[in-house]
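Just so you know, all these numbers are worked out from the coordinates, no wet-lab data involved. A quick note: this is a predicted structure, and the numbers were derived from the prediction, not measured.
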Amino acid sequence: MKAQKLLTATSSKFVKIRCPKCKNEQIMFGKSSTVVSCLVCGRKLAEPTGGKSRVKARVLEVLE
Ligand SMILES: [Zn+2]
């Protein structure tokens, strides 16, 4: 297994996501250890799962 694959799996990047409810776009940390809520409507967009975020919104872009 290559190191680069591991880095991708840990997802320590910022991602741009879009709220499925109100279409608000915001940036979140891909490895956030807290629940990420939409800044506009408060919908839960991501939750922590063992050091990595499970995103419940559409990921528009991954920022390096
Ligand atoms: Zn929203």
- Note on the structure: Taking Cα pairs closer than 8 Å and at least 6 residues apart, the relative contact order of the range 9-63 in percent is 38
- Query: Under Stokes-Einstein, with the Kirkwood radius over Cα pairs standing in for Rh, what whole-number D in µm²/s applies to the range 9-63 at 20 °C and 1.002 mPa s?
  - Reply: 198
